[in-house]
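Below you'll find the structure, written out as structure tokens, and then a few comments.
The values are calculated or read from the model by the stated rules, or taken from the named source; none is laboratory data. Predicted model only: the values in this text are computed from it and were never measured. Please note: Cβ atoms are built from the backbone with ideal geometry, for glycine as well, and neighbour counts cover all protein chains shown.
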Amino acid sequence: MRSGASAPLALTDTGGGIQAFARRQVGRLVGAGLFAFTAFAVASLATWNVADPSFSHATANTVTNAMGYAGAVFSDLAMQFFGLAAVAALVPAVVWGYLLFS
């Protein structure tokens, strides 16, 4: 037979309370926001058209971007500033969003 006392039950809350809960929820919200932004950015870059109206291209053409005028402006500025590297620039946002969300 075993002699000695067993380990006492932990009755203290080690979860951090309401502050830790709020911090986790804000992190998840920010992570979901980053996911939504990258989804918007990928969709707007995938349907980028040089003939779409933007800040740098005034035209009477209709917007053909899947994300509308905002997507046309975003994709035009991203392609002008970064070129095709704009797609690679979204990878850190996806990783950061995943880390915040999980």
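Here are some notes:
- Considering the stretch 10-102, the qualifying helices (runs of 4 or more DSSP H), each wholly inside and each with 1 or more residues that are out of contact with any helix residue (DSSP H, G or I) (no Cβ under 7 Å at 6 or more places or on another chain) and of a type in the set (Gly, Ala, Ser), run over 17-46, 68-81, 85-88.
- The residue pairs whose first member lies in the stretch 78-102 and is within 19 Å of GLY33 (Cα to Cα), whose second member is among the polar types (S, T, N, Q) and surrounded by 15 or more Cβ atoms within 10 Å (Cβ to Cβ), and whose beta carbons are closer than 7 Å, counting only pairs six or more residues apart or on different chains, are LEU90/THR38; ALA93/THR38; VAL94/THR38; GLY97/THR38.
- Here MET79 does not qualify as surrounded by 12 or more Cβ atoms within 10 Å (Cβ to Cβ), at pLDDT 90 or above and under 30 Å from SER102 (Cβ atoms).
- Hits in the stretch 44-75 - residues which are surrounded by 15 or more Cβ atoms within 10 Å (Cβ to Cβ) and closer than 21 Å to VAL91 by Cβ: SER44, LEU45, THR47, TRP48, MET67, GLY71, PHE74, SER75
- Test result for ALA70, within 21 Å of GLY97 (Cα to Cα) and at pLDDT 90 or above: no
- Pick from the stretch 20-49, criterion in contact (Cβ under 8 Å) with a residue 60 or more places away in the chain and among the aliphatic types (A, V, I, L, M), ranking: farthest from VAL63 (Cα to Cα): VAL30
- THR14 vs. criteria modelled with pLDDT under 90, in contact with a Pro (Cβ under 7 Å, 6 or more places away or on another chain), loosely packed, with under 12 Cβ neighbours inside 10 Å and more than 25 Å from TYR98 (Cβ to Cβ): no
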